[in-house]
Each structure stands twice: as structure tokens, then as C-alpha cells.
Amino acid sequence: MTDPGWPAILTHGAVTIRPLDRIDAKAWTDARRRSAAWLHEWDATVPPGSTARPTTFAGLVRRLRRQAKRGTTYPFAIEVDGRFAGQVTVNNIVRGSAQFASIGYWIDQQFAGRGVMPLAVALVIDHCFTTARLHRIEICIRPENSNSLRVVEKLGINEIGYAPRFLHIDGAWRDHRIFAITVEECHLGMLSRLGLSPE
């Protein structure tokens with residue numbers, strides 16, 4: 001059975017959301033290198049004792065593609081005016097009675113502060129609620145991550161809880177604030193919360 005939510009290309013103005021691809025290797029690596037100091041404290045790390053190991057970009061794409069084929073992940077690249085700018089990934093997609101997923105994201109520092117990430121997340125959530133027919137989206141953010149917190153604030157996504165030692169980030173188990181939204185809460189779509197209309 002094919003997943004109605006994947007693959008997909010979403011656009012609004014200069015911003016395009018499309019499947020992450022092996023051809024993004026250089027742009028992805030350059031963006032991560034350029035923004036390393038800015039991103040490192042928010043990056044997932046391998047917990048002590050885990051058999052998992054850091055992977056190459058090619059390995060990452062292969063893993064995400066396998067998960068996308070199973071319908072458990074939608075790995076999107078963000079482009080601004082045709083230039084690679086970051087990533088939005090819909091993770092942990094659960095069907096059945098849940099129809100739930102979580103979203104994670106990062107952006108190249110040179111594109112930060114321009115409204116790109118709120119727009120990208122809004123496009124992806126709208127896609128998840130319409131084409132992919134999910135019911136609930138969750139975003140978990142470290143309390144110290146003011147940039148990510150501004151994204152959910154701009155989108156009006158409510159905080160629903162707190163998860164102590166939730167994910168292994170930057171070398172330790174870190175607490176996260178939990179934000180979530182259901183399709184019933186945004187019947188006009190997420191873009192409308194940014195004062196935008198679908199194109």
C-alpha cells in the first residue's frame with residue numbers, strides 16, 4: 001500500500017520542501033559544517049553503551065529512505081530560492097488508532113531569522129493533516145533552545161507537557177518541553193497562522 005503523504009513537494013514563495021536526496025550531500029555537509037557551532041548543542045548523540053554509531057550522509061539518506069518506504073518517516077529538505085537551507089523530518093509516524101507523528105527540524109544559520117523555519121514547519125504540518133491524513137503532530141524542544149521555541153510560538157502550537165531526560169542530545173540525556181497540535185485545532189491550516197494563504 002502506498003503512503004499518500006510520501007513523496008511530496010511543497011512550495012510557498014521562495015521556499016520549497018522536497019524529499020532529502022543523495023544529491024544533497026555536499027550542500028548538507030557544507031551547511032552542517034558552516035553552522036556547526038550554532039547547531040551542536042541541539043544535535044542528537046549516541047548514548048553510552050549503544051551499538052549505534054554516527055553515520056555518513058549517504059548512510060543517513062539510505063536509512064531515512066527505508067523508513068519512508070515503510071511509512072514511518074518523511075525526510076524533507078528545505079530549499080530557499082533553490083539553495084539547500086535545512087531539514088524538516090516527520091518521525092515516528094504511527095497509524096491505526098493513533099494517526100500521530102513528531103517533527104524535528106534544523107536550519108543553516110545563514111537562513112535563520114528570515115521566517116523560513118516557521119513556514120517550512122507550517123507547510124509540513126498542513127501536508128500531514130491533509131494529504132497524509134494524520135491527526136496529531138508533536139514537537140519536542142529543549143527548554144534552552146530559544147530559536148526552536150520561537151517556531152512553535154509563531155505557529156501557536158500549545159505546550160502540553162514536559163519530558164525529563166527525554167533524548168540524548170549533545171552528549172547527555174536532556175529534558176524537553178512537549179508541544180502538540182491536532183487537526184481539529186487548525187481547521188484553517190497552519191499557513192493561516194502566519195497570515196499566509198496556500199499557493
query = Among all helices in the chain defined by DSSP H, which have a length of 18 Å or more along the axis from Cα atoms plus a Kyte-Doolittle mean of at least -0.5?
reply = 116-129
message = Based on the alpha-carbon set only, what is the convex hull volume of the chain divided per residue, in Å³?
response = 128 Å³
Three-way shape call for the range 36-141 based on the alpha-carbon gyration tensor, with the a/c threshold at 1.5 = oblate
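For the ranges 104-115, 154-165, what's the packing order if you count other beta-carbon atoms within 10 Å of each residue, average per peptide, and put the highest first? All intermediate terms of the calculation are to be shown ahead of the outcome.
Values: 104-115: 17.8, 154-165: 13.3.
Descending mean neighbour count gives 104-115, 154-165.
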message = For the range 1-26 and the range 89-148, what is the centre-to-centre distance using only Cα atoms, to the nearest Å?
response = 14 Å
key: Candidates G71, G49, G171, ranked by Gaussian network fluctuation over the chain, Cα under 10 Å, top entry   = G49
message = With the alpha-carbon atoms as the only input, what is the per residue convex hull volume for the range 125-193 in Å³?
response = 91 Å³
key: Percent of C-alpha pairs per 5 Å bin, the range 1-43, short to long   = 5, 17, 16, 18, 22, 15, 6, 2, 0
note = Burial-style ranking of 86-92, 127-133, average other-beta-carbon count within 10 Å with highest first, yields 86-92, 127-133
Label-zone membership for the range 21-46, site R165, 7 angstrom Cα→C-beta point, backbone N under 13 Å = none
request  = Take each of the peptides 118-125, 188-195, average the number of other beta-carbon atoms within 10 Å over its residues, and list them starting from the highest.
outcome  = 118-125, 188-195
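Just so you know, all these numbers are worked out from the coordinates, no wet-lab data involved. Predicted model, so just to flag it, every value in this text is computed and none were measured. Quick reminder, even Gly has a Cβ in these numbers, built from the backbone with ideal geometry, and neighbours come from all protein chains shown.
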